[in-house]
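Colleague: Can you keep this structure in mind? I'll have questions shortly.
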Amino acid sequence: MKRLFAAGILCALIALVGPLRVAAQQDTDRPNILLIVGDDTGFGDLGFTGAVTRTPNIDRLAEEGAVFTRFHASPVCSVTRAMLLTGNNPVEVGLGAFDYSLYPPAKGVPGYEAYLTRNTVTVAELLQNAGYFTAMTGKWHLGGTRHGGEGPHKWGFDRSYVIYTGGANHWNSGVFHVDMQDPAQRAAVEAGRVPKERYFENGAQIERPVGIFSDTLWTERMIAYLEEARRELKPFFAYIAFTTPHAPLQAPDWLIGKYADHYLKHGFEGLKRARWESQKRHGIIPVTAPFPERSTNPLLGSWSALSDAQKRKQALMMATYSAMMESQDIHIGLLLNYLRESGRLDNTLVIYLSDNGPEGLDVDGELSNPEFNKFIDAFFIKDISKIGNGNLFGFIGTDWADAATGGLSWWKWFIGEGGVRVPMIVLPPRSAAFAHAGSRTAEFATVKDLPITILDYAGVAHPGDSFEGRTLVPPSGVSMRPYLEGAMKAPRSEDSWHAFELFGNAYVVKGNYKAIRVRSGMYGDGLWHLYDIRNDPGETRPLEESEPKRLSELVAIYEAYAAEKGIVPVRDDWSPWHGFTKDPQ
């Protein structure tokens with residue numbers, strides 16, 4: 001395994017010599033599409049967004065492509081993936097709820113199924129119907145397990161090698177999240193074994209090989225699928241959904257040591273400020289962006305309050321997280337090398353993004369789960385010297401998650417910019433007009449826009465309200481291609497807006513402004529606030545008193561949206577981690 005990974009590092013380094021793209025050996029008329037998704041990759045976790053983590057291949061995509069510095073996903077993974085594949089608002093297609101934490105009164109309400117429903121069509125289905133070879137590897141998380149829904153083989157993918165759930169052990173078939181309602185998992189726990197995650201290839205359950213890191217597993221299988229497309233002389237749509245750096249924190253051990261001293265030196269507070277400064281130097285946030293002080297967040301602790309042993313443990317946890325990101329980058333390099341050597345990279349639209357901000361759950365503090373901790377205590381070792389191994393389980397935790405975002409506030413699960421603003425790069429095919437090569441743009445765009453953009457480049461029209469006998473909710477995403485080609489000043493018009501709700505928290509963006517409301521059950525005050533998120537990405541300076549008319553306009557937009565979509569109101573005292581604090585009756 002070490003030899004395989006060392007070869008991967010060598011190949012990735014070789015790829016750094018010269019530009020990403022060279023003259024193509026063979027191209028088809030229609031462009032290929034490579035869609036790459038990192039899992040819980042925070043806004044500041046890449047080299048080009050402020051980290052010391054080595055991500056040269058992703059950084060090179062950023063150097064040659066267009067980087068969107070004000071790009072929104074959702075604050076949790078499955079909800080983002082629904083928008084990513086359909087262009088719809090999540091509540092329109094079953095993902096108004098998160099399968100790991102469903103608000104009880106919403107159960108059974110249309111739009112809250114927590115899996116992708118059949119009133120939409122995926123970009124994979126439309127491309128498959130147009131003659132594309134479609135393939136997916138990695139994390140699906142849109143249905144197909146006992147909770148309902150169907151896997152990618154039913155949603156337009158010719159080939160798929162995936163887990164259906166939200167995460168898994170990175171070295172073996174152990175589960176990430178124990179479901180005691182699943183008879184097989186309950187039986188395993190009662191017998192003293194870690195339950196097995198189910199892996200599926202083309203819809204059939206298979207055995208996952210042990211001892212192969214997840215990045216390698218997904219990348220090798222994707223390359224095999226792309227070889228099929230090459231032999232069949234078909235353009236391809238390749239969707240690789242990495243499971244790094246999603247917990248559990250596990251990585252090849254030789255990648256971990258190089259980062260530990262950096263995190264030990266900086267601590268929580270120092271890292272956040274260092275990334276904030278680095279993001280300004282990299283053009284990721286404005287040079288005038290105010291620093292989001294950690295003291296305003298009730299969930300954050302102090303590095304100085306930790307013992308030396310605790311600091312060393314925390315530094316190793318964050319170092320493992322960086323190692324996972326470096327591993328992901330190496331495998332992206334191998335995939336890009338393969339496409340270049342097979343003569344198809346120049347004619348490929350490449351998109352990289354994360355599904356949400358960094359994970360802030362922990363084994364300690366308010367965002368821990370006692371039942372989950374029992375599982376970790378029962379089945380995983382505590383020897384921190386074995387960090388990275390498949391029999392040790394860790395999170396980066398709340399404090400590192402906050403620090404990882406640099407100039408933003410909050411993290412995964414929350415709708416602050418740290419939870420929803422994620423890295424995103426677009427590199428069009430070489431033959432396409434491209435007015436923003438190597439640029440950083442603060443123009444607003446959302447994950448809903450990506451499938452519509454993909455279809456535009458592929459020359460495939462979205463069918464609107466019907467497809468193969470199914471009645472559809474038309475998507476609201478827009479194509480970014482006119483902007484990328486210089487035909488428009490921004491991906492969206494000045495009058496367009498984007499609204500979002502999850503767990504009873506809501507926001508709406510129009511232009512540079514974001515109106516946001518967070519319930520007290522998730523550490524907000526339940527009131528609407530207004531921010532200029534272009535110039536104040538950390539949401540440090542509320543503007544509702546100075547701009548009441550603008551706030552009223554955005555709130556009215558959201559309220560009309562919520563009424564139209566049938567958004568279920570959420571009680572203030574409900575938490576997605578701990579349920580109701582009072583009797584729900």
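Colleague: So, in nm, how far is label ASP495 from label GLN181 when the simple model puts each one 7 Å beyond its Cα toward the Cβ?
Modeller: Going by the 7 Å Cα→Cβ label model, 4.4 nm.
Colleague: Within 10 Å, count the other beta carbons around each residue, average over each peptide in 500-507, 486-493, and list them highest first. Walk me through the numbers on the way to the answer.
Modeller: Working: 500-507: 24.1, 486-493: 14.9.
Listed from highest to lowest mean packing, they are 500-507, 486-493.
Colleague: OK, next. What is the distance in Å between the Cα centroid of the range 507-544 and that of the range 84-117?
Modeller: The distance from the Cα centre of the range 507-544 to that of the range 84-117 comes to 24 Å.
Colleague: Given ALA224, VAL189, ALA114, which one lies farthest toward the positive end of the charge dipole of the range 2-496, if we put +1 on the Cβ of every Lys and Arg and -1 on the Cβ of every Asp and Glu?
Modeller: Most positive-ward Cα: ALA224.
Colleague: Further question: For the pair PHE291 and LYS258, how long in nm is the line joining their label points, each one 7 Å along Cα→Cβ?
Modeller: For the pair PHE291/LYS258, the computed spacing is 2.9 nm.
Colleague: Which whole-number percent gives the relative contact order of the chain, counting Cα pairs below 8 Å spaced six or more residues apart? Can you show the working numbers first?
Modeller: Working: 1292 pairs, mean separation 132.9, N = 585.
Taking the mean separation of contacting Cα pairs over the length of the chain, I get 23 percent.
Colleague: Show me the ranking of peptides 307-313, 140-146 by mean Cβ neighbours inside 10 Å, starting with the highest.
Modeller: On the way: 307-313: 11.9, 140-146: 23.7.
Ranking, from highest mean packing down: 140-146, 307-313.
Colleague: Still on this structure, please answer the following. Most exposed first by the Cβ proxy, i.e. fewest other Cβ within 10 Å, how do LEU306, LEU116 rank? Present the calculation step by step, with values, prior to reporting the outcome.
Modeller: On the way: LEU306 16, LEU116 29.
Fewest-to-most ranking of LEU306, LEU116: LEU306, LEU116.
Colleague: Could you pull out every one of the aspartates and glutamates with an alpha carbon less than 14 Å from that of LYS234, ignoring same-chain neighbours closer than 8 positions?
Modeller: ASP27, ASP29, ASP158
Colleague: Would you work out if the range 321-417 is rounded, prolate or oblate? Take a ≥ b ≥ c from the square roots of the eigenvalues of the alpha-carbon gyration tensor; rounded if a/c is under 1.5, else prolate when a/b is larger than b/c, oblate otherwise.
Modeller: Details: a/c = 3.06, a/b = 1.64, b/c = 1.86.
Oblate, since a/c reaches 1.5 and b/c is not below a/b.
Colleague: Compute the Kirkwood hydrodynamic radius of the range 2-496, taking the inverse of the mean of 1/r over all pairs of distinct Cα atoms, and give it in Å to one decimal. Don't skip to the answer; put the middle values down first.
Modeller: Values: mean 1/r = 0.0440 Å⁻¹.
One over the average 1/r among Cα pairs gives 22.7 Å for the range 2-496.
Colleague: I would also like to ask the following. By how many nm would the segment from ASN535 to ASP29 lengthen if fully extended, with 0.36 nm per residue of separation less the alpha-carbon distance? All intermediate terms of the calculation are to be shown ahead of the outcome.
Modeller: Numbers: separation 506, 0.36 × 506 = 182.16 nm, distance 4.17 nm.
Here the segment from ASN535 to ASP29 would lengthen by 178.0 nm.
Colleague: First measure r as the distance between the Cβ atoms of ALA378 and ALA224, then evaluate 1/(1 + (r/R0)^6) with R0 = 41 Å and state the FRET efficiency to the nearest 0.05. Could the numbers behind the result be given before it?
Modeller: Details: r = 37 Å, r/R0 = 0.90.
In this case the efficiency is close to 0.65.
Colleague: Turning to a different aspect of this structure: For the chain, with only Lys/Arg (+1) and Asp/Glu (-1) charged at the beta-carbon, what is the dipole magnitude about the Cα centre, in debye rounded to 20? Could the numbers behind the result be given before it?
Modeller: Working: 59 positive and 68 negative charges, 184 e Å.
Charge dipole, the chain, about its Cα centre: 880 debye, nearest 20.
Colleague: Something else: Quick check on the range 105-259: what are the equivalent-ellipsoid semi-axes from the Cα gyration tensor, as sqrt(5λ), descending, whole Å? Kindly include the intermediate steps, with their values, before the conclusion.
Modeller: Working: eigenvalues 143, 111, 36 Å².
Ellipsoid half-lengths, sorted descending, are 27, 24, 14 Å.
Colleague: Turning to a different aspect of this structure: Which stretch or stretches of the range 175-199 have amide N atoms under 15 Å from the point lying 7 Å from LYS107's Cα along the Cα→Cβ direction?
Modeller: 180-182
Colleague: Taking the DSSP beta bridges in the range 2-496 as the whole, what percent of them are antiparallel, to the nearest 5? Provide the component values of the computation, followed by the final result.
Modeller: Details: 19 of 48 bridges.
The antiparallel proportion sits near 40 percent.
Colleague: Mind running the shape call on the range 25-100? Use the C-alpha gyration tensor, a ≥ b ≥ c as the square roots of the eigenvalues: rounded below 1.5 for a/c, prolate if a/b tops b/c, oblate otherwise.
Modeller: oblate
Colleague: Starting from the Cα of LYS313, draw a straight line to each of the aspartates and glutamates and keep only those under 18 Å, dropping any in the same chain fewer than 8 residues away.
Modeller: In chain and number order, the partners are ASP253, ASP261, GLU269, GLU359, ASP362, ASP364, ASP377, ASP383, ASP399, ASP402.
Colleague: Related question: From the Cα gyration tensor of the range 409-484, with a ≥ b ≥ c the square roots of its eigenvalues, which class applies: rounded if a/c is under 1.5, or else prolate if a/b is larger than b/c, or else oblate? Numbers along the way, then the final one.
Modeller: Working: a/c = 3.06, a/b = 1.17, b/c = 2.62.
Judged from the Cα gyration tensor, the range 409-484 comes out oblate (a/c at least 1.5, b/c at or above a/b).
Colleague: Here's a follow-up. I need to check one value: relative contact order of the range 31-103, counting alpha carbon pairs closer than 8 Å and at least 6 residues apart, in percent.
Modeller: On the way: 40 pairs, mean separation 11.6, N = 73.
It rounds to 16 percent for the range 31-103.
Colleague: Would you mind calculating the gained length between GLU63 and ALA487 on full extension (0.36 nm times residue separation, minus the Cα-Cα distance), in nm to one decimal?
Modeller: On the way: separation 424, 0.36 × 424 = 152.64 nm, distance 2.16 nm.
Using 0.36 nm per residue and subtracting the Cα-Cα distance, I get 150.5 nm.
Colleague: If you don't mind, another one. May I ask you to sort ILE396, ILE516 by Cβ crowding, counting other Cβ atoms within 10 Å and putting the fewest first? Can you show the working numbers first?
Modeller: Values: ILE396 28, ILE516 24.
By the 10 Å Cβ count, ascending, the order reads ILE516, ILE396.
Where a number appears in this text, it was derived from the coordinates with a stated rule and is not lab data. The model shown is predicted, which means the values in this text are computed figures rather than measured ones. Ideal geometry is used to build each Cβ from the backbone, glycine not excepted, and the neighbour counts take in all protein chains shown.
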